[in-house]
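One structure is given below, encoded as structure tokens.
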Amino acid sequence: MCGIVAYVGPRDAYPILMKGLHRLEYRGYDSAGICLLNHDIRVFKCKGKVSDLEEYLVGKDISGTIGMAHTRWATHGEPNQINAHPHFSQNKKVAIIHNGIIENYSVLRSELKKRGFHFTSETDTEVLVHLIEDIMTNEKVPVEEAVRIALNQVVGAYAIVILAKDYPDKIIAARKGSPMVIGIGKDEFFVASDATPLVEYTDNVVYMNDEEIAIIERKAKLKIKTIRNKDHTPYIQKLVMSLNEIEKGGFDHFMLKEIYEQPRSIRDSMRGRLHIDQGIVTLGGIQNYEQKLINAKRIIITACGTSWHAGLVGGYLIEDLARIPVEVEYSSEFRYRNPVISEEDVILAISQSGETADTLAAIELGKAKGATVLGICNVVGSSIARATHGGVYTHAGPEIGVASTKAFTAQVAVLTLLSLLLAEKKGTIPKSQFQKILLALNAIPEKVDRILKMSEKIRDIANIYKDVKNSIYLGRGYNFPVALEGALKLKEISYIHAEGYPAAEMKHGPIALIDEHMPVVFIATRRGIYNKVISNIEEVKARKGKIIAIVTEGDETVKKLADHYIEIPDTEEILVPLLATIPLQLLSYYIAVMRGCNVDQPRNLAKSVTVE
Ligand code: G6P
């Protein structure tokens, strides 16, 4: 949450910062601001999106070859101009941008008030910049040292960038708990919350670690030290990301592009892992932990949001195929409920961004209790990827639409590979079945492609239901997580209330909601618990609910019962989530677009939730 970008070098900072802010806008879009430095230090900010800031800046002095910018997801204080970042210190000589939460801000604020500081905003961030000014003035230390001293007094999470009027060639950046990457070009440096703002300028990057401070000086070498004043040698890595991956490529929205990328992204998530010719599965990133997984008393899957839904599918898969007990936990609940964890447990953390604060905290908890912790992440070099003992990257490519689509199917594909690998090693499925599933898995990308070709029909259904206020999504077995994910997609981007439920549980509550105005989306594919779902459909029909069914190609029974149906190709029961999710993503997308919603940046949401 909140996007940060900074630049120092020979070029004009403004275009680099604005382009960077647009790329980071998925992290929050309540307000935006910029700070530029030459003879003077200037801050401009406003409520709203980055495009509002651009409009606001017309005719203003935007010169300077050093600067920083911020796009905000509000935590403390309403989203208005005053609370927008950057924030100035009292003497207006130091400015800060911040992503995270300063938990002890009220104590620090009271102390600073006693020392004569006036606060203009309601943010926790302003406390930090006043504290830095206070230390610079009283202890007569340079800005980087003041930042270091101040950070020792701070409890909470932060990624910050500081510019100071008296240090016109210096950027100070620091992180703890919120991501920060530094790009190193020729005589120029970039700082950002993720690598997207710097991809066209350099592929040399340093991912900052917690409690590190970077001192970046024009034409000098990058210096990194810890907040305990220990020097660290920057570890420069090659960035694996291309400009194409982070642009819309002719699609109206990132979300649509990402939905359409799924034949490719699912294939990429299996590349070099699913060896059809040899009939085996390998997962290099967890090779050293295979035995641990095979002998695990229990696997705990922890995740948030859509990743949690992928985790639910993973739980079904691992128990079904590899016969290892699995618990699937919301990270935010798991970390606070004193769970029983032993050294024989393996924790599997799933996260697209690799930055979700609650999942990171769940990982730390698991590690502290001696469990082996593995990650399934999309963003290479992310905090979760680094905090776990081992793991598997999903390789879906950058996901920019706030509502997760291709990351979900890539996570499910990786979890399928993991379950198959464990089942094969444990001998819990017959060889012939193993081989059959491998072939079916290999055919999934092509089947996804076929579903995408039905977008016209899905759009027609969307047009009929675009104005509803409520909806219910029902599925059983492997299709239950699909129902949850379908409902989440709709509510996230179209703001229509949607409930996902296990189809049979409907009669214990949601059935009371059904009348002729209630659309009910059934994931009613032929494999698995098919006949029972038909009974559930009958129950809805008897109460005049409108039925939209996802059915297997060639199915005649459900088609006859449903008001509308979308056919998906047949596959093995355990692979159905990889297909059944696709039409639900498209349905939500079209409904949201028809309602005039901003699908890539839905209200109040952010893609990377780095606060609790
Ligand atoms: C936010 C995003 C969701 C995502 C969830 C978990 O809520 O809007 O799309 O599923 O965070 O994020 P993660 O990066 O850990 O998968």
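Suppose the filter is farther than 25 Å from S242 by Cα, in contact (Cβ under 8 Å) with a residue 40 or more places away in the chain and within 16 Å of the ligand (Cβ to nearest atom); does L420 pass it? Here the answer is no, as L420 does not meet what is asked. Screening region 585-612 for residues that are part of a loop (DSSP other than H, G, I, E, B) and away from the ligand (no atom under 14 Å from the Cβ) and picking the one that is surrounded by the fewest Cβ atoms within 10 Å (Cβ to Cβ) gives G596. Condition first: part of a helix (DSSP H, G or I) and in contact with a strand residue (DSSP E or B) (Cβ under 7 Å, 6 or more places away or on another chain). Now tell me which residues in region 497-512 satisfy that. Within region 497-512, A503, M506, P510 meet the criteria. All of I568, I511, I547 fail the test of being away from the ligand (no atom under 16 Å from the Cβ), of a type outside the set (F, W, Y) and either within 30 Å of Q435 (Cα to Cα) or without any contact (Cβ under 8 Å) to a residue 24 or more places away in the chain (or both), apart from I568.
Run down E319, E333, E343 and say which single residue is of a type in the set (D, E) and within 16 Å of the ligand (Cβ to nearest atom). Within the list E319, E333, E343, the selection yields E333. Against the test of being farther than 23 Å from V43 by Cα and either of a type outside the set (A, V, I, L, M, F, W, C) or surrounded by fewer than 18 Cβ atoms within 10 Å (Cβ to Cβ) (or both), the options K165, K176, K170 yield a single qualifying residue, K176. Apart from one condition, V402 fits all of (1) in contact with a strand residue (DSSP E or B) (Cβ under 6 Å, 6 or more places away or on another chain); (2) among the β-branched types (V, I, T); (3) in contact (Cβ under 8 Å) with a residue 40 or more places away in the chain; the exception is (1). When the residues of region 185-206 are filtered to those that are surrounded by fewer than 20 Cβ atoms within 10 Å (Cβ to Cβ), in contact (Cβ under 8 Å) with a residue 40 or more places away in the chain and out of contact with any Phe, Trp or Tyr (no Cβ under 7 Å at 6 or more places or on another chain), the one that is farthest from R11 (Cα to Cα) is E200.
Being without any contact (Cβ under 8 Å) to a residue 40 or more places away in the chain and either out of contact with any Leu (no Cβ under 7 Å at 6 or more places or on another chain) or farther than 24 Å from P179 by Cα (or both) holds for only one residue in E364, E290, and it is E364. The test for being within 13 Å of the chain's Cα centre (by Cα), part of a loop (DSSP other than H, G, I, E, B) and surrounded by fewer than 22 Cβ atoms within 10 Å (Cβ to Cβ) does not hold for V402. Quick check on T120: is it in contact with a helix residue (DSSP H, G or I) (Cβ under 9 Å, 6 or more places away or on another chain) and either free of Cβ contacts under 8 Å to residues at least 12 places away in the same chain or within 29 Å of P234 (Cα to Cα) (or both)? Answer is no for this residue. Looking at this structure, is E327 away from the ligand (no atom under 13 Å from the Cβ) and touching a strand residue (DSSP E or B) at 6+ places or on another chain (Cβ under 7 Å)? For E327, the condition - away from the ligand (no atom under 13 Å from the Cβ) and touching a strand residue (DSSP E or B) at 6+ places or on another chain (Cβ under 7 Å) - is met. Residues in region 350-380 that are away from the ligand (no atom under 14 Å from the Cβ) and not in a strand (DSSP E or B) were compared, and the one that is nearest to D194 (Cα to Cα) is E364.
Checking I135, I82 one by one, the residue that is among the hydrophobic types (A, V, I, L, M, F, W, C), modelled with pLDDT under 95 and more than 20 Å from V609 (Cβ to Cβ) is I82 and no other. Reported count of residues in region 45-98, each being buried (at least 16 other Cβ atoms within 10 Å of the Cβ) and either in a strand (DSSP E or B) or hydroxyl-bearing (S, T, Y) (or both), is 21. Among the criteria (1) closer than 30 Å to A606 by Cα; (2) outside any strand (DSSP E or B); (3) touching a residue at least 12 places away in the same chain (Cβ under 8 Å), the one R228 does not fulfil is (1).
In a loop (DSSP other than H, G, I, E, B) and crowded, with 17+ Cβ neighbours inside 10 Å: is that true of G33 in this structure? No; evaluated as a whole, the condition is false for this residue.
The set of residues in region 490-508 being more than 24 Å from G528 (Cα to Cα) and within 16 Å of the ligand (Cβ to nearest atom) consists of L490, K491, E492, I493, S494, Y495, A498.
From the list A413, A407, pick out the single residue that is within 14 Å of the ligand (Cβ to nearest atom) and buried (at least 24 other Cβ atoms within 10 Å of the Cβ).
A407
Of the strands (runs of 3 or more DSSP E) entirely within region 518-578, those holding at least 1 residues that are at pLDDT 95 or above and of a type in the set (D, E) occupy 564-568. Kindly check whether there is at least one residue in region 333-355 that is of a type in the set (S, T, N, Q), surrounded by fewer than 23 Cβ atoms within 10 Å (Cβ to Cβ) and at pLDDT below 95. Within region 333-355 (the criterion being of a type in the set (S, T, N, Q), surrounded by fewer than 23 Cβ atoms within 10 Å (Cβ to Cβ) and at pLDDT below 95), the answer is yes, since at least one residue qualifies.
Within region 546-556, the set of residues being surrounded by fewer than 22 Cβ atoms within 10 Å (Cβ to Cβ) and under 14 Å from Y473 (Cα atoms) comprises K546, I547. In the set (1) at negative phi; (2) buried (at least 24 other Cβ atoms within 10 Å of the Cβ); (3) under 20 Å from the mean Cα position of the chain (by Cα), the condition left unmet by E25 is number (2). Against the definition (surrounded by fewer than 14 Cβ atoms within 10 Å (Cβ to Cβ), of a type in the set (A, V, I, L, M, F, W, C) and over 22 Å from N463 (Cβ atoms)), how does A512 come out, yes or no? Spelling it out, A512 is indeed surrounded by fewer than 14 Cβ atoms within 10 Å (Cβ to Cβ), of a type in the set (A, V, I, L, M, F, W, C) and over 22 Å from N463 (Cβ atoms).
The values are calculated or read from the model by the stated rules, or taken from the named source; none is laboratory data. Fair warning: this is a prediction, and the values are worked out from it, not measured in the lab. Note: ideal-geometry Cβ built from the backbone for every residue, glycine included; neighbour counts use all protein chains shown.
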